[in-house]
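First the structure, in the form of structure tokens, and then the observations on it.
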Amino acid sequence: MWPTAVVVLAASVPAILALPGCSGVAGYSNEALYPAEIRSVCLEMFDNRSFRRGVEYALSDALAKRIEATTPYKIVSSRDRADSIISGQLVSIDQSALSIERDLAIPLEKEVVLTAVVNWKNLNTGQLMINNRTVVATASYSDFQDQDFTYASALAANKLAQKIVELMETKW
């Protein structure tokens, strides 16, 4: 019985070794997650096209921290020293009621929706790596949990910053 198993095993080993690796089949790669030719980013303050002020500061701050923490890039303040530049604008800041108390008709839970348009340009080559991409993030809050619009807009700005950094990744 053992000789048959040994023959089958010996015959299957070369066949297994002849198969291609996982890189072509499952989409794995060992290349860099972010473009290697970029080392520094100049982050311009986002423009705010809505009537709510202050959210653009929270978004720019969250984006700078997220870039420094999760990418190999450094944030620089001078455009002359930067390899790339990120700019954009907050197109809309909306608020809506998610649930309403039935008897008094007051909102129990509200939602903040931030919509931004983002650009990322390689200053060395002039290539637009992100060209007018619309990014949306939401956050909910409740006045009954001592949360307010400022809390929810900061949370939505952090989510928006995370989505923008995900757009900075190279395409597979």
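Rule-based calculations on the coordinates, nothing more; no lab input. As the structure is a computational prediction, the values presented were derived from the model and not from experiment. Note that each Cβ is placed from the backbone with ideal geometry, even for glycine, and that neighbours are counted across all protein chains shown.
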(request) Determine, from the Cβ-Cβ distance of Trp172 and Asp103 and an R0 of 41 Å, the FRET efficiency 1/(1 + (r/R0)^6), rounded to the nearest 0.05. (result) 0.20
(message) Could you tell me the relative contact order of the stretch 33-167? Use alpha-carbon pairs under 8 Å, at least six residues apart, and round to a whole percent.
(response) 24
(message) Using each residue's phi in the stretch 152-167, evaluate 6.51 cos²θ - 1.76 cosθ + 1.60 at θ = phi - 60° and report the 3J(HN,Hα) Karplus result to the nearest Hz, with x for Gly and Pro.
(response) 5, 5, 5, 5, 5, 5, 5, 5, 5, 4, 4, 5, 5, 5, 5, 5
(request) Name the residues whose placed amide hydrogens come within less than 5 Å of the amide hydrogen of Phe46, ignoring near sequence neighbours (fewer than 5 apart) on the same chain. (result) Ser60
(request) Mind checking the stretch 94-163 for GluC sites (Glu not before Pro) that DSSP puts in a loop (not H, G, I, E or B) and that have at most 13 other Cβ atoms within 10 Å? (result) Glu101
(message) Taking loop as defined by DSSP and a crowding limit of 15 other beta carbons within 10 Å, which trypsin sites (Lys or Arg not before Pro) in the stretch 90-141 fit?
(response) Arg102
(message) Quick query: amide H of Tyr34 versus all other amide H atoms, modeled in the peptide plane; which residues come in under 5 Å with a sequence gap of 5 or more or a different chain?
(response) Thr170
(request) For Asp47, put the label point 7 Å out on the Cα→Cβ axis and report which residues of the stretch 110-138 keep their amide N under 17 Å from it. (result) 115-121, 131-135
(message) Amide H of Ser40 versus every other amide H placed in the peptide plane: which residues, excluding those fewer than 5 positions away on the same chain, fall under 5 Å?
(response) Lys74, Asp83, Ser84
(request) Could you run the Debye sum over the Cα atoms of the stretch 33-167, one equal point scatterer each and no solvent, and tell me log10 of I(q)/I(0) at q = 0.14, 0.17 Å⁻¹, two decimals? (result) -0.64, -0.86
(request) Return the sequence-ordered ³J(HN,Hα) values of the stretch 87-99 in whole Hz as given by the Karplus equation 6.51 cos²θ - 1.76 cosθ + 1.60 applied to θ = phi - 60°, using x for Gly and Pro. (result) 9, x, 8, 7, 7, 8, 10, 10, 9, 9, 8, 8, 9
(message) Please report the spacing between the Cα centers of the stretch 54-91 and the stretch 108-172 in Å, no decimals.
(response) 12
(message) List the lysines whose Cα sits under 26 Å from the Cα of Lys65, skipping any in the same chain fewer than 8 residues away.
(response) Lys74, Lys121, Lys159, Lys163, Lys171
